[in-house]
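Below: one structure, written as structure tokens.
Read-outs: derived from the displayed coordinates by stated rules, not from any lab. In this text the structure is predicted, and so the values were computed from the model without any measurement. Here Cβ is always computed from backbone atoms with ideal geometry, including for glycine, and neighbour counts include all displayed protein chains.
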Ligand SMILES: [Zn+2]
């Protein structure tokens, strides 16, 4: 069982991240989202099925094989457990995951268009490549979860995926970094859509993205 202090710390970080995402207006208009944070090799904290007015004590502890060990999940959250546990399993360094339907990023998901990396914040917050699209599968289904796993295995450095006809899934070392990347991705999607009206977004100069990628690799190693 995860340490109580670690649990409380992660829970506070998740609540803060959720509040920050509402304040930044990047959450789904419905308020639908789910956030999680890894506790140890075998378990993570997961939002119970709502995120508005979230309190640390509302978070459930779930094992990587989907068993609820403490707290309660509404059926809506029980369905998406595998979406989170798959990412934790494939990416041992991932400490937090956020899923929501940020409107501009969801436009790319609906259009089945990868979101290019063409803004400074996206580079800075760790997505120095396009955000790939995972083929559609019913929410939380085996097809959907397998699709996420396949894309993550192929795209070993992406920190986010678009879920076709659905929304966005972002992951990072901790809740704050993951939330910052989500904001950067939504801003990039908005900028891409706005730029389309004035001739279209333009790539970084040749070599710029590769240079940042190399710098990120140096810091990570
Ligand atoms: Zn969703």
- Mind checking which pairs have a first residue in segment 73-89 that is touching a residue at least 12 places away in the same chain (Cβ under 8 Å) and more than 17 Å from residue 137 (Cβ to Cβ) and a second that is more than 12 Å from the ligand (Cβ to nearest atom) and part of a helix (DSSP H, G or I), Cβ under 8 Å, 6 or more apart or different chains? 73/81
- Of the residues 116, 132, which is surrounded by fewer than 16 Cβ atoms within 10 Å (Cβ to Cβ) and under 25 Å from residue 204 (Cα atoms)? 132
- Task: Mind listing whichever residues of segment 23-52 are more than 16 Å from the ligand (Cβ to nearest atom), touching a strand residue (DSSP E or B) at 6+ places or on another chain (Cβ under 9 Å) and not in a strand (DSSP E or B)?
- Result: 39, 42
- Kindly indicate the residue of segment 53-78 that is in a helix (DSSP H, G or I) and over 19 Å from the mean Cα position of the chain (by Cα) and also nearest to the ligand (Cβ to nearest atom) among those meeting that condition. 75
- Item | Out of 153, 210, sole residue that is touching a helix residue (DSSP H, G or I) at 6+ places or on another chain (Cβ under 7 Å) and loosely packed, with under 14 Cβ neighbours inside 10 Å | 153
- Task: For segment 122-141, state whether one or more residues are without any contact (Cβ under 8 Å) to a residue 60 or more places away in the chain and in a helix (DSSP H, G or I).
- Result: no
- Task: Could you tell me whether any residue of segment 79-91 is surrounded by fewer than 20 Cβ atoms within 10 Å (Cβ to Cβ) and within 12 Å of the ligand (Cβ to nearest atom)?
- Result: yes
- Pick from segment 98-118, criterion more than 11 Å from residue 160 (Cβ to Cβ), part of a loop (DSSP other than H, G, I, E, B) and without any contact (Cβ under 8 Å) to a residue 60 or more places away in the chain, ranking: nearest to the ligand (Cβ to nearest atom): 112
